[in-house]
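The values are calculated or read from the model by the stated rules, or taken from the named source; none is laboratory data. Just so it is clear, the structure is predicted and the values come from calculations on it, not from any experiment. Note that we place each Cβ from the backbone using ideal geometry, even for glycine, and neighbour counts take in every protein chain shown. Note: areas computed on protein heavy atoms with side chains; ligands, DNA, RNA excluded. Shrake-Rupley method; radii C 1.70, N 1.55, O 1.52, S 1.80 Å.
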Amino acid sequence: HPFVKSVQAMIGQKGILSLKIQQHQPIARIAQPFGADGYITSEGKVIPTSTSYTSRVLILEGKYAERLMDQGDVMLEMPELMNLIEYITKDKFWNAQITEVEVNAADDIRLYQQVGNQLIEFGDAHQIEDKFDRISVFYKEILPKKGWNAYARVSVKYANQIVCE
């Protein structure tokens with residue numbers, strides 16, 4: 001079964017079968033407009049979605065995300081994307097704020113947020129912490145002065161810059 005990570009089976013002295021099953025932990029979902037969706041596990045493997053349960057996880061979309069679905073392993077194709085997914089999901093604020101990651105190419109990643117209408121152009125999945133620090137500056141210093149509806153697009157893909165349009 002694709003959700004099973006590992007299984008240990010033992011028979012005790014009284015003939016009782018004991019099973020220890022460890023399940024894959026989904027941390028993101030690849031959503032495809034055509035075709036089946038899939039989950040990305042904490043190990044970077046792509047597994048099919050369940051018909052009986054939906055995990056509440058980060059959504060990945062875009063042409064490159066669909067390619068990752070076909071490859072079956074994010075770590076082989078784009079390991080830096082796993083670092084980005086883990087960074088978002090492990091941080092309490094970013095996990096709540098970032099709802100979707102659009103991956104069109106290795107250097108064309110866009111973030112969609114829960115609060116705010118700005119498209120965040122992230123660029124590639126390198127210097128992740130620095131880029132999120134700049135997004136924090138945007139939230140803490142720029143938005144309070146200019147307002148939530150002042151900008152439609154925010155880019156942190158260029159080093160040491162926040163470009164707002």
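Assorted remarks:
- Here residue 155 clears all of (1) within 24 Å of residue 67 (Cβ to Cβ); (2) open to solvent by 50 Å² or more (accessible area, probe 1.4 Å); (3) over 17 Å from the mean Cα position of the chain (by Cα) except the condition numbered (2).
- Test set (1) more than 26 Å from residue 33 (Cβ to Cβ); (2) modelled with pLDDT of 95 or more - residue 154 fails condition number: (1)
- Where helices (runs of 4 or more DSSP H) fall wholly inside segment 1-107, the ranges with 1 or more residues that are at pLDDT below 95, more than 18 Å from residue 131 (Cα to Cα) and open to solvent by 50 Å² or more (accessible area, probe 1.4 Å) are 63-71, 74-77.
- Some residue of segment 126-137 being open to solvent by less than 50 Å² (accessible area, probe 1.4 Å), free of Cβ contacts under 8 Å to residues at least 12 places away in the same chain and assigned to a helix (DSSP H, G or I): yes
- Within segment 140-152, if we keep just the residues that are open to solvent by 30 Å² or more (accessible area, probe 1.4 Å) and assigned to a helix (DSSP H, G or I), the residue that is nearest to residue 93 (Cα to Cα) turns out to be 140.
- Residue, surrounded by the most Cβ atoms within 10 Å (Cβ to Cβ), within segment 108-125, restricted to residues that are aliphatic (A, V, I, L, M) and under 12 Å from the mean Cα position of the chain (by Cα): 109
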